[in-house]
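The values are calculated or read from the model by the stated rules, or taken from the named source; none is laboratory data. Computed from a predicted model, the values in this text were never measured in an experiment. Don't worry about glycine lacking a Cβ; one is built from the backbone with ideal geometry, like all the others, and counts go over all protein chains shown. Note: accessible area is taken over every heavy atom of the protein model, side chains too, but ligands, DNA and RNA are not part of it. Shrake-Rupley method; radii C 1.70, N 1.55, O 1.52, S 1.80 Å.
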There are 2 protein chains.
Amino acid sequence: MNGAESLVATLVDQGVDICFANPGTSEMHFLAALGGNPKMRSVLCLFEGVATGAADGWYRMKEKPASTLLHLGPGLANGLANIHNAKRASSGMVNVVGEHSVSHLKYDPPLTSDIEGLARPLCHWVRRAESSDTIAWDAAQAVAKASEHPGQIATLILPGDTSWQQVGATSAAPEPSFTPAPPAAKRKTPSAERIEHVARVLRSGEPTLIVLANRATRGVALEKAGRVAAATGARLGSQFFTARIERGAGRVPISRIPYAVAQATAFLKDFKHIVTVETKEPVAFFAYPDKPSLLKAEGTLVHPLVEDDEDSELAFDMLLQALGAANQAPLLQPRIETPAPTGALNPMSIAHALAAALPEHCIVVDESLTTGRESMGLTMGAQPHDLINNMGGSIGYATPVATGAALACPDRRVFCMVGDGSAMYTIQSLWTQARENLNVTTIIFANNSYAILKAEYANMGAGAPSERALSMIDIDRPRIDWLAMAKSMGVPSVAVQTAEDFHKAMVNSTRESGPCLIEVRL
Amino acid sequence: MNGAESLVATLVDQGVDICFANPGTSEMHFLAALGGNPKMRSVLCLFEGVATGAADGWYRMKEKPASTLLHLGPGLANGLANIHNAKRASSGMVNVVGEHSVSHLKYDPPLTSDIEGLARPLCHWVRRAESSDTIAWDAAQAVAKASEHPGQIATLILPGDTSWQQVGATSAAPEPSFTPAPPAAKRKTPSAERIEHVARVLRSGEPTLIVLANRATRGVALEKAGRVAAATGARLGSQFFTARIERGAGRVPISRIPYAVAQATAFLKDFKHIVTVETKEPVAFFAYPDKPSLLKAEGTLVHPLVEDDEDSELAFDMLLQALGAANQAPLLQPRIETPAPTGALNPMSIAHALAAALPEHCIVVDESLTTGRESMGLTMGAQPHDLINNMGGSIGYATPVATGAALACPDRRVFCMVGDGSAMYTIQSLWTQARENLNVTTIIFANNSYAILKAEYANMGAGAPSERALSMIDIDRPRIDWLAMAKSMGVPSVAVQTAEDFHKAMVNSTRESGPCLIEVRL
């Protein structure tokens, strides 16, 4: 057994059984080891941002880390933007980054760079695997770190010689059978004082918003948050972006704080209290010359209930106990039957088409920015589904995350809503979707512009854009031919120009397995 | 005048008059300033790696820096792989990276990251522009740094408030008219001792290879190197990868050290001396279990003649003086008329087709890895042209560099030779080429595999790849449809399957302005 085989065996032992890979020369032994271990699934990506984004999507659905394989410093660099997004979404992942052998590094060959330096700003844990004898321990620690709550980014640097040397060649080798048990994410217990304090706030009857995030926006924790809301009249909210929300008919409804500063402050202005659960108080996404960074009204008090590393489910149990409301039923979102819309495509008809078309238990990955901004309110009563947002704000997250989510949940259709500008950053995802025959419906909102920037130009007080400035916001010369783009990577596609065709195309996409792309011409 | 306008005015004053931009919300004032300054050309890129690679291509041809506009830490991260390549090619560039306002950063909004931390491993100079009053000085220093010899990577972080605040709002403002003069790259004088030492080596008549790099592979410096070679019988060589070589008929010929370790050591084994000019002694690109890192034969002596920051032209003058050969004529490459080949496509017929088709003064950007590896020897006697290589080894450099080179030299056709695997990393370049109607002929060598990795798998001693390992090297499921890919981004295209069709397609591509893509089906 060589170092690479030991690494792959350890990953599998620790429950990391998928690797999103973009390999290079220095990783040939690792590639051989991936191929040689039948318990490891390897998924080839043509760009590293697809690999790291897919690992994020995998974690969001599975709540356990995937691994990636990246080629030296520049390969890691190409994956960093989606590592940033994953980090902000509290997704754990284990990145394996190939590196020159120790003996070769001193000659500073062309691909040499400071891999640790590149990794540290965006990874929680970075280590260089110094020996094939100890790499199993390094790998186990990487997985343990990635599996913490909240999930962590662990990056293991794999020099060529560590990869190809035999385990046990030196006396330092530990017993090969002695492997730590797969990690379980431990969540801390919230402080009883904080619970008591929030119970008092809620009992006051003053208008209160409970902002939920991460594990609190799904499963039992969400259901218990719904009990608290029902017992106290508090409203449940989420940040504009959330890692994953379980929503739709039969779920506890959550109101979304709007994106734009003016709308967000209007939404928040009447709450006397904001209670935070696995998140912080709402802040503006960007700074603007004449707008506030903090979105709450003057005088609104913020009360942390659950910190990032604590257990929301337990916190709500404690809170329900403190409130004497342990048997309170939650208020659930009723099903709203939305007729399939007809006519022109606009944010409203698009939202109605979504509400009518989304099948039960589908997954929606949203990077639609402007076009989709109205969708969420109008799909509250759709069939139950999961909604995934871009937590880090680095564009190009949706198509890779959809890829990972589809691999994590092969029986569920993934709808990936993405603006045309956003889709171009990591469009190579389509190829992996075709290769793996993934159930992803990519919906391209083709407005031929960075539409969000048009609004932001005015928000920034930069005046009316000049023709030359506007030419840097419009992406209509040339128009991207999305049907050709889909064809180039083996994904069937259709273009729609009406609400009824959009609805029909979404429904049709669920009838067969495999990916498809819908160009929504706006 | 606000900070953004001051920045753009300073860049233009200092001779940086093009910006490869991928903007976001925090850069709206900078975008307005770009649009408002008629001396600044802005080129929109749909992915940041295209922007930084294009800046590299611009520098390679112009020998002066371009600027880029990137959106916060993740935008910089997406550009880092081609920054790595540019750094290794000694290309200077000025990156402007948007950032949140100081007052907003403390709330840790989603797009926040340690931008300095991300920049430092691959940039020579990193600074945060703290005030609109002093940003002109920061910008001038960035350009001065980027314009050093060898070129440097300068990264200026631009917070939103620095961008939008008026210059002169505080008393710290310097006189607006007091701008430093545009920088001139100063090159150091080589040590006379070293020159004398190398003159003695060359006079010995022992077999000597002079390895040229950077500025020594073109212009007057190359011509003078040719005089030295003619006077002493020394051979001129280059590393396998060089930033830019002027070659072809009428140029001083340079032999390329092969890529593969066995071939490189065979090429070098008979040289008793290696003289280095703006480079170091040849090393293997990667480490292999049973192969050396240093490629020279045992007993071969290495003599540095010109260090990276020194003046090759001056060094060769001094050397010719020391050799008493000031009037020696160089040996020049005669023109070799290559008939257009016919029949099957293979490395030989591909090279012949190139030799026959390359028009005078064209630019060849090479990232063909396996397919094009034979091309160079067989195009020595083609019409004079420039050849650009990937110095950093991070894949995905060619299509962006070709984009920048075409903007730098609008009257010259650029041939971008790229493998299908490599092309997919930064394929968004095609869109910018279509948008700017650039004279780029992209040649995709479509072998539907990461062919280099097949060879490297064996070189690494990883045995014969298993079917599962092989599936991570082949990219034929699905095959990429290159005609559809080109169409999707507005680039006309043609597929060829014979040598005569390949030759004809290249010739045809030069007849009209604008980009085109040739899929070479292998």
Candidate set: segment B:78-112, residues that are within 24 Å of B:Q141 (Cβ to Cβ) and among the small types (G, A, S); chosen: the one nearest to the other protein chains (Cβ to nearest Cβ): B:S101
Test: A:I257 is aliphatic (A, V, I, L, M), within 22 Å of B:T112 (Cα to Cα) and either more than 19 Å from the chain's Cα centre (by Cα) or surrounded by 18 or more Cβ atoms within 10 Å (Cβ to Cβ) (or both): yes
Residues within segment B:1-23 that are open to solvent by 20 Å² or more (accessible area, probe 1.4 Å) and assigned to a loop (DSSP other than H, G, I, E, B), tallied: 3
Any chance B:Y450 is at the interface with chain A (Cβ under 7 Å from one of its Cβ atoms), aromatic (F, W, Y) and buried (at least 21 other Cβ atoms within 10 Å of the Cβ): no
Condition check for A:V198: in contact (Cβ under 8 Å) with a residue 40 or more places away in the chain and touching an Asp or Glu at 6+ places or on another chain (Cβ under 7 Å): no
Checking B:A353 against (1) more than 30 Å from A:T162 (Cβ to Cβ); (2) not assigned by TED's automatic domain parsing to the domain that holds B:V401, the condition it does not meet: (2)
Test: A:D501 is at the interface with chain B (Cβ under 7 Å from one of its Cβ atoms), crowded, with 17+ Cβ neighbours inside 10 Å and acidic (D, E): no
Of all residues making up segment A:113-125, the number that are outside any loop (DSSP other than H, G, I, E, B) and within 12 Å of chain B (Cβ to nearest Cβ): 5
All positions within segment A:419-447 that are open to solvent by 10 Å² or more (accessible area, probe 1.4 Å), within 26 Å of A:I350 (Cα to Cα) and of a type in the set (D, E, K, R): none
Criterion (in a loop (DSSP other than H, G, I, E, B), at pLDDT 95 or above and open to solvent by less than 10 Å² (accessible area, probe 1.4 Å)) met by exactly one of B:G490, B:G514: B:G514
Residue in segment A:428-448 that is under 21 Å from A:F241 (Cβ atoms), among the β-branched types (V, I, T) and assigned to a loop (DSSP other than H, G, I, E, B) present: no
Scope segment A:100-128; condition under 26 Å from A:A54 (Cβ atoms), open to solvent by less than 10 Å² (accessible area, probe 1.4 Å) and touching a Gly at 6+ places or on another chain (Cβ under 7 Å); matching residues: A:L111, A:I115, A:L118
Segment A:81-99 - residue that is open to solvent by less than 10 Å² (accessible area, probe 1.4 Å) and more than 20 Å from A:V16 (Cα to Cα) and, of those, nearest to the chain's Cα centre (by Cα): A:N85
Residue, farthest from A:L122 (Cα to Cα), within segment A:145-158, restricted to residues that are crowded, with 24+ Cβ neighbours inside 10 Å and within 14 Å of chain B (Cβ to nearest Cβ): A:L158
Hits in segment B:325-377 (condition: of a type in the set (S, T, N, Q) and in contact with a Lys or Arg (Cβ under 8 Å, 6 or more places away or on another chain)): B:Q328, B:Q333
Complete set of residues in segment B:261-272 that are over 18 Å from B:V302 (Cα atoms) and open to solvent by less than 30 Å² (accessible area, probe 1.4 Å): B:V261
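Quick grid of which residues meet (1) within 25 Å of the chain's Cα centre (by Cα); (2) within 11 Å of chain A (Cβ to nearest Cβ); (3) not charged (D, E, K, R):
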| site | (1), (2), (3) |
| --- | --- |
| B:A264 | yes, no, yes |
| B:E278 | yes, no, no |
| B:P282 | yes, yes, yes |
| B:Y288 | no, yes, yes |
Residues located in segment B:258-273, provided they are assigned to a loop (DSSP other than H, G, I, E, B) and modelled with pLDDT of 95 or more: B:K269, B:D270, B:F271, B:K272
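One line per residue, one yes/no per condition, for (1) modelled with pLDDT under 95; (2) within 24 Å of B:G117 (Cβ to Cβ):
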residue	(1), (2)
B:A142	no, yes
B:S147	no, no
B:G151	no, yes
B:L156	no, yes
B:T170	yes, no
B:E175	yes, no
Segment B:29-58, subset of a type in the set (A, V, I, L, M, F, W, C) and open to solvent by 10 Å² or more (accessible area, probe 1.4 Å), residue modelled with the highest pLDDT: B:W58
Scan of segment B:420-447 for residues that are facing chain A (nearest Cβ under 7 Å) and either at pLDDT below 85 or under 29 Å from B:A284 (Cα atoms) (or both), ordered by number: B:M424, B:Y425
